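The values are calculated or read from the model by the stated rules, or taken from the named source; none is laboratory data. Computed from a prediction, not measured in an experiment: that's the story for all the values here. Ideal geometry is used to build each Cβ from the backbone, glycine not excepted, and the neighbour counts take in all protein chains shown. The protein model used for the area step is the full one, side chains on, heavy atoms only, and it has no ligands, DNA or RNA in it. Shrake-Rupley method; radii C 1.70, N 1.55, O 1.52, S 1.80 Å.
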Amino acid sequence: MEVNVKDNRIFRITTNIESHNRGTLCVGGRFAFDFIHHEDRLLTPLLRRGDSLGPASWDEAVKFTGDSLKRIIRESGPESVAGLASPRLTNEDCYTFQKFFRTVIGSNNIDSEARFSLLRVQRAFELTCGVKGASGRIEELLETGAIFVIGVDPLEETPAIGWKVKAAARRYDSNVIVVNSRKTSLDKFARLRLRIRPYSESDLALGLMKIILDLDLWDRKFVRDQTANFLP
């Protein structure tokens with residue numbers, strides 16, 4: 001991967017045309033780098049001293065972490081230590097992370113938030129649609145007249161889908177509706193933006209379903225063929 005930098009900021013990621021993948025990168029690898037310069041990103045370690053959380057040097061943070069781990073392992077054993085890896089890490093970083101926990105600390109208690117999200121999505125699909133994955137192709141986003149995005153920020157969370165939604169809005173004049181409790185990267189491409197209270201997505205969805213059923217706007221055959229456990 002070639003990281004293209006101008007004025008100390010990444011503006012593009014490319015790869016050598018002569019490489020094994022002939023210049024092709026996944027959508028995430030090519031486009032998902034905005035988080036690197038995000039205003040909320042931590043640029044220095046933080047340590048809690050008393051009741052306040054403040055910046056610290058790397059030497060201070062490493063010493064504090066090492067001393068704390070040694071004390072916890074001495075008092076409660078290695079299995080009392082758990083590690084949670086960021087889904088932003090590379091494969092190499094994740095390998096090193098688990099190696100450190102298993103061989104240095106002696107604990108198998110490791111996990112990643114990325115897995116939690118996937119399990120939640122799979123379970124939701126299985127309960128509502130009877131499948132564990134998407135029911136359509138990503139390319140179909142370019143062919144639809146309306147895209148309803150609720151409770152997610154695809155450009156940051158699932159770039160492959162986010163860029164298709166963005167393309168649908170800009171090139172094909174699709175009606176993109178974004179519903180979220182916070183500002184998202186897709187807001188400026190949306191035809192309609194709706195701010196809702198945090199964790200109220202299901203309330204909104206149930207309300208819309210009731211309106212659709214009350215006005216008899218639903219496709220009975222499609223719903224019965226494509227969903228599970230639906231009793232109108």
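Condition check for residue 102 on (1) assigned to a helix (DSSP H, G or I); (2) modelled with pLDDT of 85 or more; (3) open to solvent by less than 80 Å² (accessible area, probe 1.4 Å): one failure, at (3). The set of residues in segment 85-112 being touching a strand residue (DSSP E or B) at 6+ places or on another chain (Cβ under 6 Å) and closer than 17 Å to residue 45 by Cα consists of 85 alone. From the list 17, 13, the lone residue that is in a strand (DSSP E or B), within 25 Å of residue 160 (Cβ to Cβ) and of a type in the set (Val, Ile, Thr) is 13. Checking each residue in segment 28-84 for being open to solvent by less than 70 Å² (accessible area, probe 1.4 Å), assigned to a loop (DSSP other than H, G, I, E, B) and of a type in the set (Gly, Ala, Ser) picks out 32, 50, 56, 57, 77. Within segment 160-180, the set of residues being over 23 Å from residue 29 (Cβ atoms) and open to solvent by 30 Å² or more (accessible area, probe 1.4 Å) comprises 172, 173, 175, 177. Taking the criterion of being on the phi > 0 side of the Ramachandran plot and of a type in the set (Ser, Thr, Tyr), the only residue of segment 183-225 that qualifies is 199. Quick check on segment 106-121: of everything there that is over 17 Å from the mean Cα position of the chain (by Cα) and open to solvent by less than 50 Å² (accessible area, probe 1.4 Å), which residue is nearest to residue 176 (Cα to Cα)? Going through the qualifying residues, I end up with 110.
Set side by side, the residues 103, 96 differ, and just one is among the β-branched types (Val, Ile, Thr) and under 25 Å from the mean Cα position of the chain (by Cα), which is 96. Of all residues in segment 122-159, those being hydrophobic (A, V, I, L, M, F, W, C), at pLDDT below 80 and surrounded by fewer than 14 Cβ atoms within 10 Å (Cβ to Cβ) number 4.
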